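The values are calculated or read from the model by the stated rules, or taken from the named source; none is laboratory data. On a predicted model such as this, the values are computed, not experimentally measured, just so you know. Cβ sites come from the backbone with ideal geometry, for glycine too, and all protein chains shown count toward neighbours.
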Amino acid sequence: MLTRAAPADLDDALPPYAFALSHVDDAVASARAAQPSWDALGLDARAASSPGSRDALAQHENALALAISREMGKVIREARAEVKAMIAKVDITLTEGLALVRDTTLDARFSWRWRPHGCLAVLGPFNFPLHLPHGHIVPALLMGNTVVFKPSEITPGCAAVYARVVESVGFPSGVFNMVQGDGIVGAALGGHQGVDGVLFTGSYGVGEKLRRVNVSTPGRILALELGGKNAAVVLDDAPFEKAVEDVVVSAFSTSGQRCTCASRLVVTRGIADRFIEAVAARGGAGRGAPARPGGLLRAAGVAEGAGELRGAAAARRGGGRRAVIAPAEATVAWEGRAHRGATRCRG
């Protein structure tokens, strides 16, 4: 049984979700049985039905955003942006994406054809509980694959709402399947012999386990989008106020729980003291953070955050600062070009 509390209010008990390991076998069998007839419809027929997914998402935009905000804990503005990105993903897939996967004939001798992998397992993260798995599911279905979606055990409620929205589109039975559960269920799905691909977004540790499990099945696609330790690099002649704002927004969006958040700051000596003080002041002025640790979804995240705060406080008491300070004349290579004095932050 999956039990949780709302991160922003730990007294708000969320609905529990039951699960069973046997659901994995059932879902994979359902997906495999449905895949040949789904593929046989053809790309054009599947593309013609895809706008229904966009319309269904738009119709239930508010319910999806509220579910994300309550269960994941991100502010409602960010939750609405996540749903809008999901809607846009359908349009992007049907335009730019579809243009990349059309069968092509070069001449009388050479051509290439696209075919589906088969049954794909999609394992989603907690921080973007719908947008990121949705980004796998939409193109997978369009190309004639069937899907078994396993959401994070931390955000099963969001996924339940999403599954009902997908169901309302009217896909044939077995084309889209979802299983709830903990890490044991995820491991069973990620290593299931009946899946032809595993698409995972999450931690490096789990991604490495999936790699090891699937290394002996070279015909199976393995797509891993794993967490990082991103650095914001700020040089002497960067636009000061903009750089401060970019670093703070990148570091603290979604309470710092995005894989794209800047968790390290590399700054040149010429502006280091002034810049670090400005980031600390701007970051401390943020509003909307819960007064209790519920703002972070994982117990490990709470402990890590508390450790960072204690370290920062100790550094301040000792007059020191925790930062990497680069030489003033540093040059940063970015996409094959040299940039000096530019802020480069992801997030």
TODO: Can you give me the number of residues within segment 183-192 that are over 14 Å from S30 (Cα atoms) and in a loop (DSSP other than H, G, I, E, B)?
DONE: 1
- [ ] Tell me, yes or no, whether segment 61-76 has at least one residue that is at pLDDT 90 or above, acidic (D, E) and either within 21 Å of M178 (Cα to Cα) or touching a strand residue (DSSP E or B) at 6+ places or on another chain (Cβ under 9 Å) (or both).
- [x] yes
- [ ] Kindly establish whether I87 is under 24 Å from V179 (Cβ atoms) and at pLDDT 95 or above.
- [x] no
- [ ] Tell me which residues, restricted to segment 191-205, are within 24 Å of T260 (Cα to Cα) and touching a residue at least 24 places away in the same chain (Cβ under 8 Å).
- [x] V198, L199, F200, T201, G202, S203
TODO: State yes or no: is R164 in the same structural domain as A20 (by TED's automatic domain parsing) and more than 23 Å from I68 (Cβ to Cβ)?
DONE: no
Open item on the list: Given (1) charged (D, E, K, R); (2) exposed (fewer than 14 other Cβ atoms within 10 Å of the Cβ); (3) under 17 Å from the mean Cα position of the chain (by Cα), identify the lone condition not met by D103.
Closed with: (3)
Task: Close pairs from segment 75-101: first under 12 Å from P51 (Cα atoms), partner not charged (D, E, K, R) and not in a helix (DSSP H, G or I), Cβ under 7 Å, at least 6 apart - done: V90/S50; L94/S50
TODO: Scan segment 138-167 and report the pairs whose first residue is within 23 Å of L43 (Cα to Cα) and whose second residue is of a type in the set (D, E) and assigned to a loop (DSSP other than H, G, I, E, B), with Cβ atoms within less than 8 Å and a gap of 6+ or a chain change.
DONE: N145/D196
Open item on the list: For the structure I just gave you, tell me whether L43 is of a type in the set (A, V, I, L, M), touching a Phe, Trp or Tyr at 6+ places or on another chain (Cβ under 9 Å) and in the same structural domain as L100 (by TED's automatic domain parsing).
Closed with: yes
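Out of all the residues in segment 192-210, is one or more hydrophobic (A, V, I, L, M, F, W, C) and closer than 27 Å to D55 by Cα? Quick ask: steps written out before the conclusion?
Quick first cut of segment 192-210, residues hydrophobic (A, V, I, L, M, F, W, C) only: 195, 198-200, 206, 210.
Of the ones still in play, those that are also closer than 27 Å to D55 by Cα are 199-200.
Taking every residue of segment 192-210 in turn, at least one turns out to be hydrophobic (A, V, I, L, M, F, W, C) and closer than 27 Å to D55 by Cα.
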